[in-house]
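> Structure in structure tokens, see below.
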Amino acid sequence: MKDKKGTPKGTKTGDRFLLVIGLLALVSVVGVYLNNGPAEGQASDPRIAVITRDGNRVAELDLNEITEPRQFTLDDGIHVKIVAENGSIRFVEADCPDKICVKTGTLTEPGQQAICMPSKTIVKILDN
């Protein structure tokens, strides 16, 4: 049976409010868990970074396996320096005039890339 407001008898407005809050909390917890990726100690998907210069592959590395920073210096033509660390890669120096590649910042996600057009150097993280 329902009361005058259409609420099932014995149910209070506060009960519905608590149910909605509980559902929102549950959705939030599940969302945080899913977005944090694998727990520590579990294997994660490879995050492959590729460095090319003038169409030639200079290096390919899994950013998740890097334990110490690795530096790549390319001096043929325009000088660029690239640093790869655990989970990220970036241009740190370039002798090009505008330095857009350096200003792009750190790449951490599949599909991201930074390009130095004058030196014909591309750094990108491959899509899985």
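> Quick check on Arg47: is it at pLDDT 95 or above and under 24 Å from the mean Cα position of the chain (by Cα)?
Details: at pLDDT 95 or above: no; under 24 Å from the mean Cα position of the chain (by Cα): yes.
No, not satisfied.
> If we keep just the residues of region 85-121 that are closer than 19 Å to Glu68 by Cα and among the hydrophobic types (A, V, I, L, M, F, W, C), which is surrounded by the fewest Cβ atoms within 10 Å (Cβ to Cβ)?
Going through the qualifying residues, I end up with Val92.
The values are calculated or read from the model by the stated rules, or taken from the named source; none is laboratory data. Quantities reported herein were computed from a predicted structural model and do not represent experimental measurements. A quick note on method: Cβ atoms are made from the backbone with ideal geometry, for glycine too, and the neighbour counts reach across all protein chains shown.
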